[in-house]
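Working notes for the structure below.
A short reminder: the numbers here are calculations on the coordinates, not readings from a lab. None of these values were measured; they are calculated from a predicted model. Cβ coordinates were reconstructed from backbone atoms using ideal geometry, including for glycine residues, and neighbour counts include every protein chain displayed.
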Amino acid sequence: MKVLFTGIQPTGDIHLGNYFGAIANWVRLQHEYTTYISVVDLHALSIPYEPADMPGRVADLALTLYACGIQVDKAVLFVQSEVPAHSELTWIFNTITPLGELERMTQFKDKREQFRASVNVALLDYPVLQAADILLYKGEVVPVGEDQVQHVEFTREVARHFNSRYGDTFPECQALLTATPRVLGLDGDAKMSKSKGNTIGVLETAEQIWAKVGPAKTDPARVRRTDPGTPEKCTIWSYHLLVTPEAERADIHKGCTTAGIGCIDCKKRFQANLMKVLDPIRERYAELAGAGRKGIMERLDANGEKCRAVAATTMAEVREKMGLKRE
Ligand code: ADP
Ligand code: TRP
């Protein structure tokens, strides 16, 4: 089987963007690939954070991923910082990465603006650590949301640079997107994102979600209930595409364009369909976070060990090729 590698930062609760933009693919593809999924806590250190919160965030993210459908016997879910070779290979890759390539990265430019007061070297080096993540396991397929495609392309460049300088070692990986590689934010923003406060979390209850969806903006042309709308201009419609079956969607589309239904009806139907996906996740999470927690934490330890062994094999090869192996 080919190797799949992906990662997610423990920086906040998993939301619909993460789920429909990436995680849904992980759940599906874990059966077809040798699958590694990393909780990338080292990446999360590149922005301001509270050390006391980190262990809880890491555990919670792992529990949520299992609740979303990642299976213990299919995917190797592990914590990045428990495999020191990620940092070691980052340094190695730093030596073959042109500075200009990192300065051009969209995410770096965005974060440099966002965290103007504390732009550290890690923010710039972030894609190199990501390349090390993927290539340590010789990952070939990298399922991510659209915002990460540039980093996967960068990883391919790193592999190419390394292979041409030191001999064929790493595969050239491919990003793999879902049908909705960019989920809009509740505020209509181009991206639902933890840092923008425009998310619907996968563990939220129907009531919590309604408190956000009820007041959310729709097509601005629908001022009154009798005004027809254009679904394609409405964030809620983009959400129907995620969860509402096609036949019902056709009905809602017609209802909106003919003013047959109001925005509240439309939102209620979205909520009902969304809860069909989220209720089982929340229930599984409650089980795992209670009785299942100890077993999951032990699984993370065991997976860390497994990953250290895989990483050690790759590092031995890298050291030898780079002249770091003593006679
Ligand atoms: P966030 O951007 O909210 O901090 P992460 O950076 O941890 O989330 O992203 C984890 C995964 O979810 C990545 O593969 C990322 O591309 C994907 N993802 C995040 N937000 C979205 C979104 N709004 N639409 C599609 N995919 C997304
Ligand atoms: N940078 C990714 C994000 O913000 C997370 C990540 C780290 C990742 N390492 C990775 C994704 C390796 C895919 C493969 O979402």
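Quick notes on this structure:
- Each other residue within a Cβ distance under 13 Å of residue 190 adds +1 if Lys or Arg and -1 if Asp or Glu, for a net charge of -2.
- Principal-axis analysis of the Cα atoms of the chain puts helix 293-322 at an angle of about 50° to the longest axis.
- Residue (of 297, 36, 12) at the positive-pole extreme of the chain, dipole from beta-carbon charges: 12
- Listed residues 99, 288, 89, most fluctuating in the chain (Gaussian network, C-alpha, under 10 Å): 99
- In a DSSP loop and with at most 12 other Cβ atoms within 10 Å, the trypsin sites (Lys or Arg not before Pro) in the range 221-327 are 224, 225, 325, 326.
- Gaussian network model of the chain, springs between alpha carbon atoms under 10 Å - residue of 51, 231, 171 with greatest fluctuation: 51
- For the range 179-191, 3J(HN,Hα) computed residue by residue from phi via the Karplus equation (6.51, -1.76, 1.60; θ = phi - 60°) reads 5, 10, x, 9, 8, 5, x, 4, 7, x, 4, 4, 9 Hz, glycine and proline entered as x.
- Stretchable slack from residue 189 to residue 104, in nm (0.36 nm times residue separation minus alpha-carbon distance): 28.3 nm
- Entries of 191/212; 194/233; 109/191; 138/191 with Cα pairs more than 18 Å apart: 194/233; 138/191
- Net dipole in debye of the range 86-243 [+1 Lys, Arg Cβ; -1 Asp, Glu Cβ; about Cα centre; nearest 20]: 560 debye
- Those trypsin sites (Lys or Arg not before Pro) in the range 71-114 that DSSP places in a loop and that have at most 14 other beta carbons within 10 Å: 104
- Positive contributions from Lys and Arg (+1) and negative ones from Asp and Glu (-1), summed over other residues with Cβ under 12 Å from the Cβ of residue 82, come out at -1.
- Near residue 319, once Lys and Arg are set to +1 and Asp and Glu to -1 for all other residues with Cβ below 12 Å from its Cβ, the sum equals 0.
- Dipole axis of the chain (+1 Lys, Arg; -1 Asp, Glu on Cβ), positive-most option in 239, 58, 215: 215
- Angle between the chain longest axis and helix 246-257 axis [Cα atoms, degrees, rounded to 10]: 60 degrees
- Neighbour-count ranking [beta-carbon atoms within 10 angstrom, fewest first] of 258, 244, 34: 258, 34, 244
- Neighbour counts of other Cβ atoms within 10 Å put 200, 96 in the fewest-to-most order 96, 200.
- Per-pair calculated FRET efficiency, R0 = 35 Å: residue 223 and residue 32 via Cβ, rounded to 0.05: 0.15
- Placing +1 on the Cβ of every Lys and Arg and -1 on the Cβ of every Asp and Glu, with no other charges, gives the chain a dipole of roughly 540 debye about its Cα centre.
- Residue with peak Gaussian network fluctuation, the chain [Cα springs, cutoff 10 Å], from 140, 204, 248: 248
- Separation of alpha-carbon centers, the range 67-85 and the range 113-128, rounded to whole Å: 26 Å
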